[in-house]
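Just so it is clear, none of the values below were taken in a lab; they were calculated from the coordinates. On a predicted model such as this, the values are computed, not experimentally measured, just so you know. Ideal geometry is used to build each Cβ from the backbone, glycine not excepted, and the neighbour counts take in all protein chains shown.
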Amino acid sequence: MSTNLDALVSPEAPVRTALKRTILMCKPSYFTVVYRINPWMDPAVPTDTSLAVAQWQTLHDTYVGLGFDVHLIDPIDGLPDMVYAANGGFVIDNIAYGAAFTYSQRQPEGPAYMDWFRDNGFDVRVPQEINEGEGDFLLVGDVILAGTGFRSASNSHEEVSALYGRPVITLNLVNPNFYHLDTAIAVLDPSTGSGTGAGSGTGAGSGTGDIAYLPSAFDEPSLAILRERYPDAIIVTEEDAAILGLNSYSDGYNVVIAARAKDFERQLRERGYNPIGVDLSELLLGGGGVKCCTLELRR
Ligand code: ARG
């Protein structure tokens with residue numbers, strides 16, 4: 001077997017550029033599954049908190065190894081889902097739009113994250129509408145893709161649009177297994193444009209592979225939008241999506257993904273990305289993966 005990874009990259013693959021990321025994470029010191037607010041969670045299945053911590057630590061160390069600036073928020077006893085930091089808010093231009101959770105079990109996380117943002121110099125905006133942060137808001141180029149259907153209310157999309165002065169594209173999620181947008185779409189190259197006008201197909205930033213997604217997670221009108229805007233997107237298999245393979249985090253070149261998402265890994269390599277597999281099987285019991293544990297902080 002060849003060990004030369006270059007051989008696996010197709011000659012037309014664009015040159016990818018890694019951009020240093022600043023992120024927020026929360027150690028799963030109190031992780032467990034004692035309630036069920038998504039189909040992945042089953043309080044009858046035992047969880048191993050120390051294993052969750054060990055797996056999370058590997059993810060954390062992977063990010064540090066990639067040169068990311070990793071910030072930590074203190075976990076709070078009694079908030080087992082706090083590890084899924086992506087839901088703690090949405091941060092662009094140093095403005096932190098706070099989260100307002102759908103389910104009562106997670107509602108105290110909203111103020112906890114807002115306190116952290118305030119203490120760390122962000123301009124905090126208290127949300128008027130139900131929203132679960134970067135779980136449902138993804139910045140791709142100058143456009144914000146926004147999910148609704150299970151968690152974030154569509155009114156929050158308008159709030160975000162007014163707040164950041166950027167176009168927000170509403171996408172309807174229809175499969176309860178993929179209840180947050182970040183379980184159905186992966187942003188691979190956030191630094192390039194929206195993906196439209198990707199006709200040339202040459203070099204980095206052509207729009208090719210800006211995102212990856214699972215078509216069956218969306219209703220027809222939303223799917224039509226995705227097909228039109230991202231004609232060259234990676235389409236992942238149901239199999240890879242079923243282990244939350246799409247729930248990944250990219251710096252534009254390195255893409256941290258679920259270790260078991262093998263076909264997604266292959267497709268990423270073909271497009272010139274560098275997939276890095278991490279095993280977060282324990283955190284999957286709560287219905288989250290790599291991206292759920294990662295909140296990007298854009299100053
Ligand atoms: N148990 C959590 C919930 O259901 C998991 C959150 C996953 N986070 C995400 N960004 N998809 O709310």
| said: I'd like the projected area of the chain, averaged over all directions, using the convex hull of its alpha carbons. Report it in nm² with one decimal. | reply: 14.4
| task | Between Glu12 and Ile235, take the C-beta separation as r, use R0 = 22 Å, and let me know the FRET efficiency to the nearest 0.05. | result | 0.75
| How would you rank 104-111, 79-86, 264-271, highest first, on the average number of other Cβ atoms within 10 Å across their residues? | 79-86, 264-271, 104-111
| query | In debye to the nearest 20, how big a dipole does the range 25-85 give about its Cα centre with +1 on each Lys and Arg Cβ and -1 on each Asp and Glu Cβ? | reply | 100
| remark: The Kirkwood hydrodynamic radius of the range 1-144, taken as the inverse of the mean 1/r over all distinct Cα pairs, in Å, comes to 17.3
| Alpha carbon centroid spacing (whole Å) that separates the range 164-194 from the range 245-299 | 15
| request: Please order Thr294, Thr102 by the number of other Cβ within 10 Å, starting at the fewest. | output: Thr102, Thr294
